[in-house]
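A.B. asks: Here it is, the structure, as structure tokens.
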Amino acid sequence: MMHRPGNAPRGGFGRPGGPMQFTKGEKARDFRGTMKKLIAYAGRHRTAVIVVFIFAILSTAANIVGPKILGEATTKLFEGVMAQLAGTGGIDFDAIGQIVLIVLGLYLLSALFGYLQGWIMANVSTDITYRLRRDIAEKINRLPLTYFDKTTHGEVLSRITNDVDTVNQTLSQSLTQIITSVVTVVGILGMMFSINWMMTLVALLIVPLSMAVAGLIISQSQKFFTQQQDYLGHVNGHVEEMYGGHLVMKAFNGEASSIATFDKSNGKLYEAAWKSQFLSGMMMPIMMFVGNLGYVAVTILGGWLAVQGIVTVGDIQAFIQYVRSFTQPITQLANISNVLQQTAAAAERVFEFLAEPEEVAETTVPVKVSQPEGHVEFQDVHFGYSADKIVINDFSAVAHPGQKVAIVGPTGAGKTTMVKLLMRFYDVNSGAILVDGSDIRDYSRSDLRNLFGWSSRTRGCTTTRSWRTSAMAVRARPTRKSSPLRRPRTSTTSCTRCRAATRWSSMKRLPTSRRVRSSC
Amino acid sequence: MLRLARYVKPYWLIVSITIFLLFAQANFDLALPDYLSRMVNTGIQQGGIETALPEAIRQSEMERVVIFLTATDKAAVLDAYTLVTPDSPKAPDYVGKYPVLAEEPISVLEALDQPAIDAISPAMAKALLAVNGIEEALADPEKAAEMADSVQGFDLSRIPAGMDVFDLLAQMPAATMQQVTAAMNERFSALGDKMIVQAAASVVKAEYTALGVDTDKVQSDYIINIGMWMLGLTLLSAACTIAVSYLSARAAAGVARDLRHDVFRKVESFSNAEFDSFSTASLITRSTNDVTQIQMVAVMTMRMVFYAPLMGIGGVIKVIQQDSSMWWLIAIAVGVLVSLIATVFTVALPKFRMVQTLVDRLNLVARENLAGLMVVRAFAMEPFEEKRFDKANLDLTAVSLFVNRVMVIMMPLMMLIMNGLSLAIIWVGAQQVADAQMQVGDMMAFLQYAMQIVMSFLMVSMMFIILPRASVSADRIADVLEVEPAIVDPAKPQSFGNRFAGLVEFRNVSFRYPGADEDALVDISFTAHPGQTTALIGATGSGKSTIVNLIPRFYDVTAGQILIDGLDIREVTQHELREKIGYVPQKSVLFSGTIESNLRYADESASPEQLELAAEIAQATEFITSRPEGLAADISQGGQNVSGGQKQRLSIARALVKKAAINIFDDSFSALDLKTDAALRRALHQHTQASTLLIVTQRVSTIKNAEQILVLDEGRIVGRGTHSELMNDCEIYREIALSQLAQEALA
């Protein structure tokens, strides 16, 4: 029997699983290129994937052939009954028993293959997902800061989560679905033809009909789905803004207007939501109806043909099963191109990110300084965050060891920029910065930064205990290898230095939530 | 989940209609296999002939048939038929249908209801079969020999030639006749009633052919008729589904909309304490993601959760009706399936939940890395961060793999069980058909029902994955909705009155943050007079911001009172209180829109002159006019497209638009350089003569001319007075001032 629990949502992780997601028609800019890259990325799993393909085909094939052979059992049964009535014989249980055993064997094989290919695919997709995430995370640390000036954190995070998830979903589920759907359709067609060409033609008439209907519903529901996404974005944006600025909102008695704005977007969201939900929900029943139309037509024709003796009763049974199972893979295939496009779009974003130009490479022969003196010199430095806005113009200065140099100026003059250049968060456009006589580009970045102790006015805390944040600074200073400071602190009572640095007492007055998670 | 049950109430009507429609749909869907079996049984096997009672029968045949009927049956049968002769007035009506009427008389069946038909059908069938058997034996000597063997004493070969067997039989004494009938019946008894009717159908078909009826047409008519019924059912079923889809979409989206509204409203009413206890990020997720989850589940529930049991129960009823003894097969299959699913999910469900947590953790690590990118690089902590991420990644990967593998096992196994079930049904069904307990068509129908029952169980089990996830979301939302804000308006609020001076008094105020170990403020008492500047200065964490945050009632004091114009601020509504206060927070927040919309946030009805004046005082005019759009210039979300200093100045301008009697500046000049700071203070002093100014700062130069300076240390006031007084009396103040002396001299 080919009833596939296709209605049941796959137990996805983190994803709200559901029946077909008729989701936004995102298109990749370079579909082929991205797909090639994806295939190349999965390179090491090539054999595994081929095995998966083969197993999937075998598994589906076994499932398809089953009903036909089973139909022969019913035919034998039918013939046996007729013979019994006529008194000429009885039901041939041997033959039926044989058929049942063969089919059982086929189903067992199908299950086995299905399991194996799923297992392998799980390994492959999980590995690829892991590597993609890791590569993105490592890439983040190699990208120049200029990249992050142009891109919001949200976008980068979206690569790691949403985009990698999409690719993962496709690999682990949709890919094999594609294969099984194609094989199913082709196989079923073949089976149907082998039974009777007339009935097959009738059944085939459903196909253009169902594709047309599917296409119509998809395009209509997509319209509303895009709308829904838009309004969801509005609502979410408003929520984020209002929650983020809660204090200000309260201070200026802005609740009423905030709620009014929210209600407007919420109302529009409601409209778009139910419409898109309705339309995509119609897909299943309408496809089933079209399928049933075929079912009925085939039954009528089959009955007539059986009377003529052209087909057997068992054939009809098998044919009906095939017809009922025909519409589902077709619907899946209709959705496939959508899925592939989405995946390509997601993969494209990931690969684009991974291909971003990195920070200027480290020199191969870094300068090493055993006893840093602390002589800093700026030589004709020109720099701008963006090409058209130069912030530092022709700057030259010297700081001698032991001197205390102050940098003052109005806001936006370039004070913090100077420090960032010194720490080589950005590279100068022209000119040079020298430390102890060597261009800072000749040092390895970690060596260079180890020379500096830096305290910033803004952020930089993590969700570790606050004391550890300050411990980071302490640990980073170049000390003797055996220094106790080199050992990572694990006790909850911190060292005296940390107590002093973070005003331990003031922390006790903070509300607990801020104490444990010092999110800045 | 139940905590949110009240949100479904407005939609009870829709939900009831949906259930009703689903019930109807289930019935339609279950009737389909019925029609399929009829198609096979009656349409194909019986040639479209439904009962053993022919619609018309040649009189000659009829006379032969009644020989084999008991007296009562004979009476009943003859009652049911009307004789029509070729020359009878009714003949023309029937001759078209039964051409043979032109030559011989026929008996036509009157309209009878089903029970009546069922009553005489078996007897008629047996009689027809008997007649048929004899007629065949007459025609075929082989068959005659067979009959001689099987029916005692009925050796047709012994009948003298020229004699009509039936005449003989008709004249036989009743007792002998009974014997013969009994012997014949024995042969048929093995077949069972259903089979007898089936067998008789072919006899009836032969009779029809003899009558001149187009039997092929009868058959195809029947088949098409059934087909049309099936089509009609399908149509109705589809109509139901579409209606259900519409209703469920509306209801689910409606519930989601209501939830979103209520959650948002609730959170907007939160005070700072509640915001701290959840976190901003968590609140955002609860207002958005979690609601979406509920919406998805609501839709699925209405479609699947209601439909599946209806299907299952309906299928079970049909199976029972069919009186089949194969139900135990279904029971076994369901049992195995359910235990499989139960095992898998006991094992896998906790892991499912873990995945969500691990995804959050991964996000968190990545977000922190991004937020503190410069710090990470400054301290060369990249390897540390990468290791942290890798751990989170590995954890997530491990659990994902496990979950994936579990799902991979499930699918093939479930398919196998279902397929195995259909095999078992066919095997056992064959036995049953052989024993004449069941017809082939019935077996096929049973197969369909079995599949539907199993499928419905499957769907119900699938629900057990979805619901927990939604349940988590529901709990998170309910947590928010059930919170009672700590800061509420009094039952009988008082009012400040028309002449509002703005005298702020702290009386023995102590304050402890919720969940903190120690008081943040201890015994604070002071008065801020209208027309005067009261400054608060002290080291980081000494409690300055805390004090001013208490005035707009962002938190409530834990001891003591805060009075404005003699009225405890807890006695007035928060709305009225905050109308009187212009507040500039430590961290400037601008909303997306334009500069103008941000300024008007304080007062929608402010005149353009008011806006200009406020901007001038805040030293913001210069950069506003430097932009081509001026006041209409865009501000992006979070004020990203303006510098820190500009944000602060706009923040200040916004507060000034309000023209409030009390103005609070919480470290609001920190991003301004000293020149701008001084200019701002001068302008402020000029234009806010009558209002109460409270300024929190780290810079001595800002407050040198304040009428009252409060020095704070670890939550207590350790110094109070003017600048010169404090320079003499307060050591801490002196220290702070002297450390800033260089800048002071420049101001």
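A.B. asks: Taking the Cβ-Cβ separation of B:ASP87 and A:ALA83 as r and a Förster radius of 35 Å, what is the calculated FRET efficiency to the nearest 0.05?
C.D. replies: For R0 = 35 Å, the calculated efficiency reads 0.20.
A.B. asks: Note down the relative contact order for chain B as a percent, whole number, built from C-alpha pairs under 8 angstrom at least six residues apart.
C.D. replies: It comes to 13 percent, rounded to a whole number.
A.B. asks: How much of the accessible area of segment B:361-417, probe 1.4 Å, is carbon plus sulfur, in whole percent?
C.D. replies: Of all accessible area on segment B:361-417, carbon and sulfur atoms account for 71 percent.
A.B. asks: Right, next: State the extension gain, in nm to one decimal, for the chain segment bounded by B:PHE20 and B:ALA683, taking 0.36 nm per residue of separation less the distance between their alpha-carbons.
C.D. replies: Numbers: separation 663, 0.36 × 663 = 238.68 nm, distance 7.26 nm.
Extra length from B:PHE20 to B:ALA683 when fully extended: 231.4 nm.
A.B. asks: If you don't mind, there's one more thing I want to ask. Return the FRET efficiency for the residue pair A:GLU362, A:THR146: r is the Cβ-Cβ distance, R0 is 22 Å, and the value is rounded to the nearest 0.05.
C.D. replies: Calculated value: 0.80.
A.B. asks: Tell me the Kirkwood radius of segment B:640-747: reciprocal of the mean inverse pair distance over distinct alpha-carbon atoms, in Å.
C.D. replies: In segment B:640-747 this quantity evaluates to 15.0 Å.
A.B. asks: For A:ASP394 paired with A:LEU434, estimate the spin-label separation in nm (one decimal), with each label point 7 Å from Cα along the Cα-to-Cβ line.
C.D. replies: About 2.1 nm separates the two model spin labels.
A.B. asks: Which residues, if any, in segment B:381-415 have at least 40 Å² less accessible area in the whole protein complex than in the isolated chain, probe 1.4 Å?
C.D. replies: B:MET381, B:GLU386, B:PHE389, B:ASN393, B:THR397, B:LEU401, B:ASN404, B:ARG405, B:VAL408, B:MET411, B:PRO412, B:MET415
A.B. asks: How far is it, in nm, from the label point at B:THR280 to the one at B:ILE317 when both lie 7 Å from their Cα along the line to the Cβ?
C.D. replies: 5.7 nm
A.B. asks: How much solvent-accessible surface does B:ASP489 expose, in Å² to the nearest 10, with a 1.4 Å probe and all protein chains in place?
C.D. replies: We get 70 Å² for B:ASP489.
A.B. asks: Could you tell me what percent of the accessible area of segment A:251-349 is made up of carbon and sulfur, with a 1.4 Å probe and every protein chain present?
C.D. replies: Carbon and sulfur: 61 percent of the exposed surface of segment A:251-349.
A.B. asks: Just report the Cα centroid separation between segment A:198-256 and segment B:313-340, whole Å.
C.D. replies: After rounding, the separation between the Cα centres reads 41 Å.
A.B. asks: Taking 0.36 nm per intervening residue step and subtracting the Cα-Cα distance, what contour gain separates A:LEU216 from A:SER386 on full extension?
C.D. replies: Residue separation times 0.36 nm, minus the Cα-Cα distance, leaves 56.5 nm.
A.B. asks: Report, to the nearest whole %, how much of the accessible area of segment B:655-716 belongs to carbon and sulfur atoms, 1.4 Å probe, protein only.
C.D. replies: In segment B:655-716, the share of accessible area belonging to carbon and sulfur is 45 percent.
A.B. asks: What whole-number distance in Å separates the alpha-carbon centres of segment A:278-305 and segment A:102-175?
C.D. replies: When both Cα centres are located, 36 Å separates them.
A.B. asks: Once the other residues with Cβ under 12 Å from the Cβ of B:ALA253 are scored (Lys, Arg +1; Asp, Glu -1), what is the net sum? Walk me through the numbers before you get to the answer.
C.D. replies: Values: positive: A:LYS268, A:LYS275, B:ARG250, B:ARG257, B:ARG260; negative: A:GLU271, B:ASP258.
Overall, the nearby charge balance is +3.
A.B. asks: Okay, moving on. Straight-line reach from B:LYS217: which lysines fall under 23 Å, measuring Cα to Cα and dropping same-chain residues less than 8 apart?
C.D. replies: Partners found: B:LYS97, B:LYS205.
A.B. asks: For a Förster distance of 22 Å, can you work out the FRET efficiency between the beta-carbons of B:ASP517 and B:VAL718, rounded to the nearest 0.05? If you can, show how the numbers build up before the last one.
C.D. replies: On the way: r = 21 Å, r/R0 = 0.98.
The computed FRET efficiency comes out at 0.55.
A.B. asks: Taking the Cα atoms only, what angle lies between the long axis of helix B:215-268 and the longest principal axis of chain B, rounded to 10 degrees?
C.D. replies: 10 degrees
A.B. asks: Separation between the A:GLN379 and B:SER339 pseudo-spin-labels, each 7 Å from Cα along Cα→Cβ, expressed in nm?
C.D. replies: Here the answer is 8.3 nm between the modelled labels.
A.B. asks: Still on this model: Using protein heavy atoms only (no ligands, DNA or RNA), what is the total accessible area buried between B and A, 1.4 Å probe, nearest 100 Å²?
C.D. replies: 14000 Å²
A.B. asks: So how far, in whole Å, is the C-alpha centre of segment B:514-555 from the one of segment B:376-418?
C.D. replies: Segment B:514-555 and segment B:376-418 have Cα centres spaced 48 Å from each other.
A.B. asks: So what is the relative contact order of segment A:277-375, in percent, for Cα pairs below 8 Å that sit 6 or more residues apart? Before the final figure, lay out each step's value.
C.D. replies: On the way: 22 pairs, mean separation 25.4, N = 99.
Relative contact order, segment A:277-375: 26 percent.
A.B. asks: Which parts of segment A:278-295 would a label at A:VAL207 reach, counting a residue when its backbone N lies under 19 Å from a point 7 Å out along Cα-to-Cβ?
C.D. replies: Backbone N within reach: A:287-295.
A.B. asks: Exceeding 27 Å between C-alpha atoms, which entries from my cross-link table qualify? They are A:LYS150/A:LYS404; B:LYS266/B:LYS580; A:LYS420/B:LYS391; B:LYS266/B:LYS544; A:LYS37/A:LYS139; A:LYS250/B:LYS544.
C.D. replies: Values: A:LYS150/A:LYS404 34 Å; B:LYS266/B:LYS580 24 Å; A:LYS420/B:LYS391 30 Å; B:LYS266/B:LYS544 29 Å; A:LYS37/A:LYS139 17 Å; A:LYS250/B:LYS544 20 Å.
Pairs exceeding 27 Å: A:LYS150/A:LYS404; A:LYS420/B:LYS391; B:LYS266/B:LYS544.
A.B. asks: Right, here's the next one. Among the residues of segment A:243-259, which ones have their accessible area go down by 40 Å² or more when all the protein chains sit together, as opposed to their chain alone (1.4 Å probe)?
C.D. replies: Residues losing area: A:TYR243, A:HIS246, A:LEU247, A:VAL248, A:LYS250, A:ALA251, A:PHE252, A:ASN253, A:ILE259.
A.B. asks: Roughly speaking, what is the stretch gain from B:THR209 to B:LYS391, that is 0.36 nm per residue apart minus the C-alpha to C-alpha distance, in nm to one decimal?
C.D. replies: 57.1 nm
A.B. asks: Also: In segment B:220-242, which residues become less accessible by 40 Å² or more once every protein chain is in place, relative to the chain on its own, using a 1.4 Å probe?
C.D. replies: B:ILE223, B:MET230, B:LEU231, B:THR234, B:ILE242
A.B. asks: What are the aspartates and glutamates whose alpha-carbon lies under 17 Å from the alpha-carbon of B:LYS9, with same-chain residues fewer than 8 places away excluded?
C.D. replies: Within reach: B:ASP258, B:ASP262.
A.B. asks: If you bin the C-alpha pair distances of the protein assembly as shown every 20 Å from 0, what whole percents do you get?
C.D. replies: Bin by bin from 0 Å, the calculated values are 9, 28, 26, 17, 11, 7, 2, 0.
A.B. asks: Can you tell me the accessible area per residue over the protein assembly as shown, all protein chains present, probe 1.4 angstrom, in square angstrom?
C.D. replies: Normalised by residue count, the accessible surface of the protein assembly as shown is 44 Å².
A.B. asks: Scanning chain B for GluC sites (Glu not before Pro) in DSSP loops with at most 13 other Cβ atoms within 10 Å, what's the longest stretch left with none?
C.D. replies: Within chain B, the longest run free of exposed GluC sites (Glu not before Pro) spans B:111-481.
The values are calculated or read from the model by the stated rules, or taken from the named source; none is laboratory data. In this text, all values refer to a predicted model and were calculated from it rather than measured experimentally. Cβ coordinates were reconstructed from backbone atoms using ideal geometry, including for glycine residues, and neighbour counts include every protein chain displayed. In case anyone asks, the SASA skips ligands and DNA or RNA and just uses the protein heavy atoms, side chains included. Shrake-Rupley method; radii C 1.70, N 1.55, O 1.52, S 1.80 Å.
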